[in-house]
Amino acid sequence: MIAPAPPSDSDDCTTVEVARRLGLAVRSVQLMVDRGELEAWKTPGGHRRIRRESVDRWVAERQAGVSRPAPLGPPLAHHPATPAVAAGPAPRRAPRVLLIEDSRHFQTLVSLLLKSRFPQAELHLADDGIAGLALAGKLEPEVLLVDILLPGIDGATLIMGLRSHPAFARSRLIVVTSLEGAALEPYAFALQGLPVVSKPRLAADLPPLLAQALADFPRGAAQAA
């Protein structure tokens, strides 16, 4: 929520300053203010000023509550292979879908959609880019559903990192966003060649993309957990 203007702005920051400090897009910082994660007020000209102490508090809470992202390399690559004890098929596991999305509403919507249409899939959730990056490195999911506007790490930066890393070469990336038209243009460099699902049409457009993505990985469901 945006509070009334304080008597002095000496302890306040602009959205650009906060974005640079946190490594986020300006729009992501604006959304954090709208969600009440950062305390802010507006100048007579309509510009946001964010209280520096709320930024410090957000950073401190994030450092205390979220571990550093795990390395993006395959988790099993650092361990010696375990000798097989008996011949036979590899243990089966469910294909993994990781949703990196900070909206509880859309987390619930995707969860219900998967339970109804893809009960064989295993859904994992991350509320922000930092947690999502760590979880992606741990799980190496078959499908990654990524929002663009995320706290922690900007979604476009996260998507570029995932696309460029060989550990996720076989993962399917699907972008979900409330942005449309010209609002998507600043992120075109990251979204090129990726399916983009508009959130208002998520229930209609996401299932066929998930069906195709999961069908592309019949071997993924047969790997050892």
Q. Across region 137-155, what is the total count of residues that are of a type in the set (G, A, S) and surrounded by fewer than 22 Cβ atoms within 10 Å (Cβ to Cβ)?
A. 1
Q. Looking at this structure, is G155 among the small types (G, A, S) and either free of Cβ contacts under 8 Å to residues at least 40 places away in the same chain or in contact with a Cys (Cβ under 9 Å, 6 or more places away or on another chain) (or both)?
A. no
Q) Quick one: would you say F118 is touching a residue at least 40 places away in the same chain (Cβ under 8 Å), surrounded by 14 or more Cβ atoms within 10 Å (Cβ to Cβ) and more than 15 Å from the chain's Cα centre (by Cα)? A) yes
Q: Would you point out which residue out of L24, L38, L72 is assigned to a loop (DSSP other than H, G, I, E, B), surrounded by 10 or more Cβ atoms within 10 Å (Cβ to Cβ) and either in the same structural domain as L173 (by TED's automatic domain parsing) or modelled with pLDDT of 80 or more (or both)?
A: L38
Q | Boolean, V196 is closer than 27 Å to L24 by Cβ, of a type in the set (V, I, T), in contact with a Phe, Trp or Tyr (Cβ under 8 Å, 6 or more places away or on another chain) and not assigned by TED's automatic domain parsing to the domain that holds D34 | A | no
Q: For region 200-217, indicate whether the set of residues that are at pLDDT below 85, touching a Lys or Arg at 6+ places or on another chain (Cβ under 9 Å), over 25 Å from L22 (Cα atoms) and part of a loop (DSSP other than H, G, I, E, B) is non-empty.
A: yes
Q: Say whether the condition of being part of a helix (DSSP H, G or I) and at pLDDT 85 or above is met by at least one residue in region 78-100.
A: no
Q: Scan region 184-199 for residues that are outside any loop (DSSP other than H, G, I, E, B) and more than 15 Å from the chain's Cα centre (by Cα) and jot them down.
A: L184, E185, P186, A188, F189, S198
Q) Given the structure, is A188 surrounded by fewer than 15 Cβ atoms within 10 Å (Cβ to Cβ), aliphatic (A, V, I, L, M) and at pLDDT below 90? A) yes
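The values are calculated or read from the model by the stated rules, or taken from the named source; none is laboratory data. Here the structure is a predicted model, which is why all the values come from computation and not from measurement. A quick note on method: Cβ atoms are made from the backbone with ideal geometry, for glycine too, and the neighbour counts reach across all protein chains shown.
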